[in-house]
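Written out below as structure tokens is the structure these notes cover.
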Amino acid sequence: MPECPRHACNEDELVTQVQALLADPVHQANPLREPLAHLLACNQVHQAQLHRLIRISDGYQYISRRQQENLEQQYERQLHRLEKIARISDRYQNSLRELSETLKQASLHDPLTSLGNRRFLMERLTQETERANRKASPYTLAILDVDRFKTVNDRFGHEAGDTVLCSIANAIADALREYDVCGRWGGEEFLILMPETPLDFALQIAQRVTQSIKAIRFEFLDTRISASVGLSTYCLGERFSDTLNRADAALLRAKVDGRDRIEA
């Protein structure tokens with residue numbers, strides 16, 4: 001009596017057992033042999049198709065993962081690129097703001113003395129005129145002209161003249177109050193704006209300024225530098241150009257009357 005085969009514990013063992021039974025001559029006449037052989041062949045075809053589908057599925061999953069990784073990498077690269085562009089844009093905008101501020105400051109200041117220039121002074125005059133009318137508190141203007149400055153340029157050259165002008169500018173600024181405004185009006189002329197200041201007090205400030213200028217010493221000069229000043233107080237409601245004209249006329253009187261004087 002033939003030995004009963006043991007039960008297979010997995011599919012591969014089962015297939016091996018079936019193949020062994022089909023190959024055994026003892027079972028050649030068994031009516032189940034042909035259906036079993038057909039079933040085994042169908043199973044092998046199905047297994048091959050299943051493995052093929054699994055490989056295709058694995059391939060698609062691999063491609064999908066690669067595409068997803070590529071998309072993530074592309075997203076990261078694009079994000080880094082945008083962050084870099086944003087940083088560059090921020091730096092560019094900051095540079096533009098700094099450049100704009102630098103240009104603005106340069107357009108309002110005299111390159112030689114670093115004081116405000118004529119444009120700066122005109123803007124401040126406009127602002128102070130509006131404030132004076134609003135608060136009913138007039139300001140006083142002083143136009144200062146360096147005496148015989150042309151002689152300095154003619155004798156010692158323009159470089160020496162520039163040195164004198166810079167020293168005078170510093171002396172004027174040091175003698176003024178914190179809220180007074182001073183600028184180079186043109187050439188060797190300086191304009192001083194004294195907010196909310198009556199004429200008598202402005203006269204004291206002008207005297208302090210002229211004394212500060214006289215205190216300057218230069219090795220190449222054998223005489224002291226002096227200045228003439230014309231003062232004028234703003235009249236409420238008038239144009240500031242009228243105040244400037246009066247100060248200019250006072251300056252002319254000071255120079256005609258011998259220079260080194262203050263006229264109001």
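The values are calculated or read from the model by the stated rules, or taken from the named source; none is laboratory data. All values derive from a computational prediction rather than experimental measurement. Quick reminder, even Gly has a Cβ in these numbers, built from the backbone with ideal geometry, and neighbours come from all protein chains shown. Note: areas computed on protein heavy atoms with side chains; ligands, DNA, RNA excluded. Shrake-Rupley method; radii C 1.70, N 1.55, O 1.52, S 1.80 Å.
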What order do Thr223, Thr233 take when sorted by accessible area (1.4 Å probe), most exposed first? Thr223, Thr233
Using R₀ = 22 Å, calculate the FRET efficiency as 1/(1 + (r/R₀)^6) where r is the Cβ-Cβ separation of Leu236 and Gln204; round to 0.05. 0.45
Rounded, prolate or oblate: which fits the range 93-230, taking a ≥ b ≥ c as square roots of the Cα gyration tensor eigenvalues, rounded meaning a/c under 1.5, else prolate when a/b beats b/c? oblate
Rounded to the nearest 20 debye, what is the charge dipole size of the range 125-264 about its Cα centre when +1 sits on each Lys and Arg Cβ and -1 on each Asp and Glu Cβ? 200
Expressed as an acute angle from 0 to 90° and rounded to the nearest 10, what is the orientation of the C-alpha long axis of helix 240-256 relative to the principal long axis of the chain? 50
So if I place +1 on the C-beta of Lys and Arg and -1 on the C-beta of Asp and Glu, and nothing else carries charge, what would the dipole magnitude of the chain be about its Cα centre? I want it in debye, nearest 20. 680
The aspartates and glutamates whose Cα lies under 14 Å from the Cα of Lys135, excluding any fewer than 8 residues away in the same chain, are Glu196
At 1.4 Å probe size, with the rest of the protein present, what percent of the exposed accessible area of the range 207-264 is carbon and sulfur atoms? 48
The answer for the chain, accessible area per residue at 1.4 Å probe in Å², is 66
Percent of C-alpha pairs per 10 Å bin, the chain, short to long: 6, 19, 16, 9, 5, 5, 4, 4, 4, 4, 5, 7, 7, 4, 1, 0
Subtract the Cα-Cα distance of His158 and Gln17 from 0.36 nm times their separation in residues, and report this length gain in nm to one decimal. 39.1 nm
Judged on accessible area alone, 1.4 Å probe, highest first, Asp180, Asp174 line up as Asp174, Asp180
